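J.: Before I ask anything, here is the structure I am working with.
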Amino acid sequence: MRQRKVKSRMRIVFMGTPDFSVPALTALVEAGHDVIAVVTQPDKPKGRGKLVQMTPVKEKALEYGIPVYQPVKARDPEFVSLLKEMNPDAMVVAAFGQLLPKTLLDIPQYGCVNIHASLLPKYRGAAPIQFAVINGESVSGITTMMMAPTLDTGDILDQESVALDEKETGGSLHDKLSAIGGRLIIKTLKKLEDGTAVRTVQDEEKMTYFGMLKKSMGDIDWNQDAASIERLIRGLNPWPSAYTSWEGKTIKLWEADALEEEYEGACGQVVKTGKDCLYVKTGKGILAVKELQLQGKKRMDTGAFLRGYQIAEGTVFERSI
């Protein structure tokens, strides 16, 4: 499918890589902007077969017939010169994956606008979505901001908030914020174009930072309270997932409830088995496990799992490390 022939309002270079970025690219095209180029990370091998796969943004750009560039380093002088020759009115960045140098940020007339998945200055960094769930936030949102050479420090342009559901996961919040980002960037660009945009300096005293997710974060510490573990399970769903060890095998936990009940026993011990739940003692309260996945098997509800595997009361789940 070719890019729509609609009268454009701005010449835009779009920079993004994962699924999160795609709605913003789509919104720009559908709004009639002239997306003259898309910049994304180099293709990488993925999956068991290690086949090289295009990034989600590249796939969408090719559908629209937009030229795609994949520099190893965006700060490379040759690439910076190439962008200068393009002479874009604005650059829009959404989860591109590299810090951009001032030489590149200074190119567009209207500047470089970043779509960030938090209500800045809270949750700067690479994983604001997951940590908002893990930390029990009731509200998250999207910020559009003018980019600066340092990470997530630029002036705020627009923000839109969204309430987190009681059982919000990292995946469900990702999808909500991704859609909001596409909607909000159109609003922000219009303000920049007509001169009504207001830049608000971030309050450094309210700043929080959370770095990249690591698989090891999902290794459940049963000494933590049940509510914290339940949020960890939701926050790390779908990746990298929360998990524990049973008889030398890894079990991923996908859904659970935190209960205020207390039982005698060790942290990580199965204190009760029900028809559809495993009840595990934590540092405070009980975690009622409702959906899990044994290493090498499919996800299943706990009732189905218990019909195939016996986990007796007194069994102790352990950390993998």
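The values are calculated or read from the model by the stated rules, or taken from the named source; none is laboratory data. Computed from a predicted structure; not experimentally measured. Please note: Cβ atoms are built from the backbone with ideal geometry, for glycine as well, and neighbour counts cover all protein chains shown.
J.: Do you know which residues across the range 23-54 are in contact with a strand residue (DSSP E or B) (Cβ under 8 Å, 6 or more places away or on another chain) and modelled with pLDDT of 95 or more?
T.: Those that are in contact with a strand residue (DSSP E or B) (Cβ under 8 Å, 6 or more places away or on another chain) and modelled with pLDDT of 95 or more: 24, 25, 28, 29, 33, 34, 35, 36, 37, 38, 39, 40.
J.: If you go through the range 305-321, how many residues are crowded, with 16+ Cβ neighbours inside 10 Å and in a helix (DSSP H, G or I)?
T.: The number of residues fulfilling the criteria is 2.
J.: Going by the structure shown, is residue 126 surrounded by 23 or more Cβ atoms within 10 Å (Cβ to Cβ) and either part of a strand (DSSP E or B) or in contact with a Gly (Cβ under 9 Å, 6 or more places away or on another chain) (or both)?
T.: Taking the combined requirement at face value, the residue does not satisfy it.
J.: Turning to a different aspect of this structure: Does residue 264 fit the bill of being buried (at least 21 other Cβ atoms within 10 Å of the Cβ), among the charged types (D, E, K, R) and part of a loop (DSSP other than H, G, I, E, B)?
T.: It is false that residue 264 is buried (at least 21 other Cβ atoms within 10 Å of the Cβ), among the charged types (D, E, K, R) and part of a loop (DSSP other than H, G, I, E, B).
J.: Out of (1) surrounded by fewer than 17 Cβ atoms within 10 Å (Cβ to Cβ); (2) part of a helix (DSSP H, G or I), the odd one out for residue 104 is which?
T.: Every listed condition holds for residue 104 apart from (1).
J.: Let me ask something else. For the range 1-94, which helices (runs of 4 or more DSSP H) that fit wholly inside it have 3 or more residues that are assigned by TED's automatic domain parsing to the domain that holds residue 172, in contact (Cβ under 8 Å) with a residue 24 or more places away in the chain and over 23 Å from the mean Cα position of the chain (by Cα)?
T.: 77-86
J.: Another question, then. In contact with a Gly (Cβ under 9 Å, 6 or more places away or on another chain), on the phi < 0 side of the Ramachandran plot and acidic (Asp, Glu): does that describe residue 225?
T.: yes
J.: Right, another one. All but one of (1) over 22 Å from the mean Cα position of the chain (by Cα); (2) of a type outside the set (Gly, Ala, Ser); (3) not in a loop (DSSP other than H, G, I, E, B) hold for residue 217; state the number of the condition that does not hold.
T.: (1)
J.: Can you name every residue in the range 119-144 that is under 19 Å from residue 236 (Cβ atoms) and either without any contact (Cβ under 8 Å) to a residue 12 or more places away in the chain or under 13 Å from the mean Cα position of the chain (by Cα) (or both)?
T.: 123, 125, 126, 127, 128, 129, 130, 131, 132, 133, 134, 140
J.: How many residues are closer than 22 Å to residue 237 by Cβ, in contact with a strand residue (DSSP E or B) (Cβ under 7 Å, 6 or more places away or on another chain) and touching a residue at least 24 places away in the same chain (Cβ under 8 Å) when one looks only at the range 285-313?
T.: 16
J.: Can you spot a residue in the range 178-188 that is over 18 Å from residue 16 (Cα atoms) and more than 15 Å from the chain's Cα centre (by Cα)?
T.: Yes; the residues of the range 178-188 include at least one that is over 18 Å from residue 16 (Cα atoms) and more than 15 Å from the chain's Cα centre (by Cα).
J.: Now for a different question. Would you please name the residue that is surrounded by the fewest Cβ atoms within 10 Å (Cβ to Cβ), looking only at residues in the range 232-261 that are of a type outside the set (Asp, Glu), under 21 Å from the mean Cα position of the chain (by Cα) and in a strand (DSSP E or B)?
T.: 252
J.: From the list 197, 242, 227, which one is in contact with a helix residue (DSSP H, G or I) (Cβ under 8 Å, 6 or more places away or on another chain) and more than 17 Å from residue 157 (Cα to Cα)?
T.: 242
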